[in-house]
Structures are given as structure tokens and as C-alpha cells.
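Written out below as C-alpha cells is the structure these notes cover.
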Amino acid sequence: MPSPRRATIADVAAASGVGVGTVSRVINGAPNVREATRTSVLKVIDQLAYRPSHLAASLSRGTARTMAIVVPHLTRPSVVMRLAGALTVLDEQGYDTVVCNVDTPQQRDHHLAALTRRHRADGVMVVSLRLSRQQLESFQRAGVPLVTVGVLAPGVPQTITDDVMGGRLATGHLLALGHRRIGFVGDTAHRPSASHLGFSSSQHRLSGYRQALAAAGVCYDPGLVRRGPFGPANAETLAAGLLARPDRPSAIFAASDTQAMGVLTAADRCGIAVPGQLSVIGFDDIESAALLGLSTVRQPLENSGAEGARRLCALLRGERVRPLRQQLALEVVHRASTATFRVSGHPRSEAVRPGRGGGRPKGSAACTGQPCLRRPEKGNVTRRPARQCADALAGNWR
């Protein structure tokens, strides 16, 4: 079925009983228009669902064109890196950019509805937020060019990575190092609802984790999977629970680098050496991962933002963007937080090895599942990535 014809500025002028020039002045907020005329024209614009060309209006005023980027949780490192890539491209192409931050479904719906009305932006990029069929249809009806990054959207140019494959890569890296008891720390799964944005990347990475275990002939143990709200502090608590087990894992895959930082902190506070007694791998490769020596699955965060912006600019130029689904490659980055599994370095061998008199070794600490506020004894300071992570967390997260 053909789409209904979009109203034009001539339609608005005819229905308002004024000239096209008057309608243009109303749209551009010119002062030399009578208030009654302005009110009448704006009413007709709403009735006809007319969306002025922001590009034409901006060129006529000699101002920059505008793009909008809608992102969730603006301060998260992965979001910042994607934004950096997109902003670099849009700046090079001469666009101004408006960034709309979303923390709740209500904010998401408000921003998306606003961006399909009148002349808010020439084009829109949506990052990591699922769009409903109704929202996609609204953009189509309004004629607003739309691309997505990090999320699927039928019929829309989308730049993505394969999170299931990423989970297999991370777990496969640990399996290749000889680990078999591998824990997972990730987000609680929620369907999109009035109270949840419905992120699915952690769930998909967990699926990849399970697939890699199955392919290696390793039985899946649900007791080694811990999930909770996103964030390093919650991840620390979840990891502490894993490390308190008598048969604790020799390695942990965290669904993001941010959560891996919480895992490293839990290990440090429980006196478990990384990577000697515990290997840890994250996901994303945010900037701090290299500083902390964190092994991770690198997804091209900056490049994904840049590619999304390039594809959006192509739509604005009237070009056909193909393929609609652009999938970027993932890769494992092996750093200091993962090492070959050694029987002598198994977590249990250190945790239960008695010291003189049958107690725990001097300087060790039992992990109870709660953060252990342990200070190293004088002259017994061990340098390792986990300690560096604890120092970084103390300055950046707490």
C-alpha cells in the first residue's frame, strides 16, 4: 500500500489562507507576523501533520544542520565511546548534534515522539534502544531518516555486533587456557516494559557462554551464573558470592568491562590473586581495560558510532544504504588478567592450604561472600591487576 502523501508548505498556506512566505516566517519564528496569523498557521500545521524540511529551513537561515542521537545511560563508558565516534563524523560533515539521554522507558518514548514532530532534527540515530513497531512507523510517516547502532530494527539501517558470538569468544578463550569451572557475572534479564528498557546484550552473551561450554563438552552449572543490576558494585557482590563457594570457579567471564572491574575488586578483597588463582575476562574494551590489564572481547565501540553516523549522512544525501544490517567484527584481547590454568594454582589449593598450626596462610583472608576489608600486612604487598583495579575503582566509582 503506498504511503499517504506528505503535506507541503503550499498545502499549509492554502488551508491557512496566507502566502507561502508567511508560513515560512511562522516556521522560522520571524517576528514580523501577527499573533493571530501565527496561531492560525500553527494550528493548520498540526492538523495536516506537516513536517517542514529542517534542512531547507537551516540553509535558508545560513545555520548548521542538526542530527539527534538518542542514547541510554549517557555516562556509561561504552556509550561515551560510541558517541565519540559518531560526533567526530557528524562534526566533519558540518552537522550540529543534539544528544538525548534516556534512563527510563518514559524518557525514551518522549524523545522519540518529539523527534518525529515538526522540524526537531534532520536525522536521528538511536543507540542500544529497542524501538517498537509503532515508533518505527512514526519515523517513516514523518519522513525522518533513522539509523540504529547496537540494536536490531526491521527496515532500518543498523550497525551491530553479534553478542552471542562474543560470549563464545570470551568463554572459548578461557577454555583454551585450560579452565573448566568458569563463572559468569552479568545483568538480570528483563523484557521491555513500563519500568525496563529491555537490554538483551548480557542475555545473548550468556547464551554464547553456554554454547561454548557445550561445544567443549563441559557441563553447564547454573550455580556458577550470577546476575543482577548493572554496575561494578553489584558485580562485586555477585562475584564475592561465587568466590565464597568451596568449589569456586578458576575463571569468570563478566558481561562487560565495568562488571569485570567489580569481579577484580571482589577477588582482591578476598585475597585471591589474579590471574594466579582466578582468570577474569570482560567485554567491550573500554579505555580503562588496557590500563587495568584486563583481558576482554573488543567490540569496535567508536567505529560503530562512526559507521552509524556515516550511514545516517548517506540517507540525508538521498543515497540507498545497503546492506541494511552492518555487522562489525569482534576479537579477544588477551592481557594480564587471564592465564593458563594450573593444578597448583587452582583456587581451592590456595584457599584450603593450611599454614603452620593448621590455620590459613599468613596474610590470607576467607571470602564470605561479602566485601572483605582486608589490608595487606606490612612487607607483604603483592602487585597485580586486581589491586590496580581496586585503586582505580576507589577513585572513579565510589
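Listed values, structure above:
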{"read-out": "Loop-located trypsin sites (Lys or Arg not before Pro) in segment 234-327 whose Cβ has at most 10 other Cβ within 10 Å (DSSP)", "value": "Arg317, Arg320"}
{"read-out": "Cβ-Cβ FRET estimate between Asp247 and Thr104, R0 fixed at 56 Å, reported to 0.05", "value": "0.90"}
{"read-out": "Under Karplus coefficients 6.51, -1.76 and 1.60, residue-wise ³J(HN,Hα) of segment 100-117 in Hz, glycine/proline x", "value": "9, 8, 10, 10, 9, x, 5, 5, 4, 5, 4, 5, 5, 5, 5, 6, 9, 10"}
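Just so you know, all these numbers are worked out from the coordinates, no wet-lab data involved. It should be emphasised that the depicted structure is a prediction, and the values quoted were computed from it without experimental measurement. Quick reminder, even Gly has a Cβ in these numbers, built from the backbone with ideal geometry, and neighbours come from all protein chains shown.
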